[in-house]
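The values are calculated or read from the model by the stated rules, or taken from the named source; none is laboratory data. Everything numeric here is computed off the predicted structure, so don't read it as measured data. In this analysis, Cβ positions are derived from the backbone assuming ideal geometry, glycine residues included, and neighbour counts consider all displayed protein chains.
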Amino acid sequence: MSTTNKKNPGSGQAWMMLLLAGAFEIGYALSVGGSKAFTVWSWSLAAIVFFLLTLYFLSAALRTIDVGIGYAVWAGIGAVGAAAFGSILLDQPLTAVQVFWLVVIIAGVVWLKLADSVKLQAEQSSEPF
């Protein structure tokens, strides 16, 4: 294992950890909502567990993925997931306009991942300008 701090933006393991962090962020957001300002103990305990898990997996992913990209993807996954699952599980309304902007967030996250790919970076570095 290398001791250098050079990041490998295409690391599949780091992106998997980032996806897990995003999933735990969704669990955290939904648990905080269910905790009713941390007055319902079962939901509060779930929120604490999800919070610790999301922080761990996010920090592990950011060892490889640049913090700006990683944080944006993590926040996007959390925002879209919390809105979607909040609508499904907690009967929270979701309008067509909100769905449109959630799709925009998803497209942004996908483009960030594509922009982080090694192949795309190699193509950009070979361009004269």
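Determine whether Gly86 is surrounded by 14 or more Cβ atoms within 10 Å (Cβ to Cβ), over 24 Å from Ser11 (Cβ atoms) and touching a Gly at 6+ places or on another chain (Cβ under 8 Å). Can you show your working first?
Numbers: surrounded by 14 or more Cβ atoms within 10 Å (Cβ to Cβ): yes; over 24 Å from Ser11 (Cβ atoms): yes; touching a Gly at 6+ places or on another chain (Cβ under 8 Å): yes.
Yes.
Can you tell me which residue among Val97, Val110 is more than 14 Å from the chain's Cα centre (by Cα), more than 19 Å from Phe50 (Cβ to Cβ), in a helix (DSSP H, G or I) and not polar (S, T, N, Q)?
Answer to the check: Val97.
Answer yes or no: is there a residue in segment 42-51 that is closer than 24 Å to Gly108 by Cα and part of a helix (DSSP H, G or I).
Here is the first cut: in segment 42-51, the ones closer than 24 Å to Gly108 by Cα are none.
Scanning segment 42-51, I find no residue that is closer than 24 Å to Gly108 by Cα and part of a helix (DSSP H, G or I), so the answer is no.
Return only the number of the condition from (1) within 13 Å of the chain's Cα centre (by Cα); (2) modelled with pLDDT under 95 that Gly34 does not satisfy.
Unmet condition: (1).
When you scan segment 52-66, do you find a residue that is at pLDDT below 95, under 26 Å from Leu114 (Cβ atoms), assigned to a helix (DSSP H, G or I) and touching a Pro at 6+ places or on another chain (Cβ under 9 Å), even just one?
No, every residue in segment 52-66 fails to be at pLDDT below 95, under 26 Å from Leu114 (Cβ atoms), assigned to a helix (DSSP H, G or I) and touching a Pro at 6+ places or on another chain (Cβ under 9 Å).
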